[in-house]
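Here is the structure we will look at.
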Amino acid sequence: MSSCSVCFKPIGYVRTVFSDDEVRSAWPHGVEGFVEVLEEFVEGLKGLEGFSHIVIVAYLHRVPEEARRTLKAKPRRLTRFGFKLDELPEVGVFALDSPHRPNPIATTIAELVRIEGNKLYVKGLDLYNETPVLDIRPYTPDRVVDPGKLRLAEWYRELYEKAKKLGLQSI
């Protein structure tokens, strides 16, 4: 097995006036803000105007080194919806949307409100202020999974059904 180091240069940064706690508590609707694209990458925005949503790929720079060794966890964010921690299953981090993972990279879909120069104003951000952005892509119909073909793991399906009984729209 070979050892490889991968380096990325941010193309921009998330900017929002909301604190980390406010961003965390705004899930699943997110907050407003913008992505400030570095000047050297502004040409790459050509043609992005007109799309309603974008996919933002980001580096979760605030995840501590010890959290990057996490391989199993519980879906803790569900405790905000009334689930008790002891009723949540422990699963691998690749089955979760947890920031604690070997490579703390995030993908998020945000509504693109407008573009002004090098600033992409968005709604629905779940990223902290100053989060480095690695890539931006348009959210297009080919990214949408046909609901009839979508499958969920049994543990997730059980929690989803319980959430619906509690009157929750999503988990």
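Restricting to the stretch 42-63, name every residue that is under 16 Å from P132 (Cβ atoms), in a loop (DSSP other than H, G, I, E, B) and open to solvent by less than 80 Å² (accessible area, probe 1.4 Å).
Residues satisfying the conditions are L60, H61, V63.
If I ask for residues that are open to solvent by 40 Å² or more (accessible area, probe 1.4 Å) and either part of a strand (DSSP E or B) or aliphatic (A, V, I, L, M) (or both), which ones from the stretch 1-41 would you list?
M1, V6, Y13, R15, V17, E32, F34, E36, L38
Give the residue that is nearest to K46 (Cα to Cα), with candidates limited to residues of the stretch 88-123 that are touching an Asp or Glu at 6+ places or on another chain (Cβ under 7 Å) and basic (K, R).
K119
Cβ-Cβ below 6 Å, separation at least six or inter-chain, first residue in the stretch 3-29 and more than 18 Å from Y59 (Cα to Cα), second outside any loop (DSSP other than H, G, I, E, B) and at pLDDT 90 or above: which pairs?
Here the result reads F18/V31, each pair linking the stretch 3-29 to a residue that is outside any loop (DSSP other than H, G, I, E, B) and at pLDDT 90 or above.
Output the number of the condition that L85 fails; it satisfies all remaining conditions of (1) under 17 Å from the mean Cα position of the chain (by Cα); (2) open to solvent by 30 Å² or more (accessible area, probe 1.4 Å); (3) of a type in the set (A, V, I, L, M).
(1)
Based on this model, can you work out whether P64 counts as free of Cβ contacts under 8 Å to residues at least 60 places away in the same chain, of a type outside the set (K, R) and touching a helix residue (DSSP H, G or I) at 6+ places or on another chain (Cβ under 9 Å)?
No.
In the stretch 88-101, which residue that is open to solvent by less than 50 Å² (accessible area, probe 1.4 Å) and more than 16 Å from the chain's Cα centre (by Cα) is nearest to R137 (Cα to Cα)?
Out of the qualifying residues, it is G92.
Please specify each residue of the stretch 113-160 satisfying the condition of being among the charged types (D, E, K, R), in a helix (DSSP H, G or I) and exposed (fewer than 12 other Cβ atoms within 10 Å of the Cβ).
If the condition is that a residue be among the charged types (D, E, K, R), in a helix (DSSP H, G or I) and exposed (fewer than 12 other Cβ atoms within 10 Å of the Cβ), then D142, R143, E154, R157 are the ones that fit.
Report the residue count in the stretch 115-171 for those that are without any contact (Cβ under 8 Å) to a residue 40 or more places away in the chain and either of a type outside the set (S, T, Y) or within 22 Å of V23 (Cβ to Cβ) (or both).
Looking only at that region, the number is 20.
The values are calculated or read from the model by the stated rules, or taken from the named source; none is laboratory data. From a predicted model like this one, the values you see are computed outputs, not experimental measurements. We place every Cβ from the backbone using ideal geometry, glycine too, and count neighbours over all the protein chains shown. Protein only, heavy atoms only, side chains kept; ligands, DNA and RNA dropped before computing areas. Shrake-Rupley method; radii C 1.70, N 1.55, O 1.52, S 1.80 Å.
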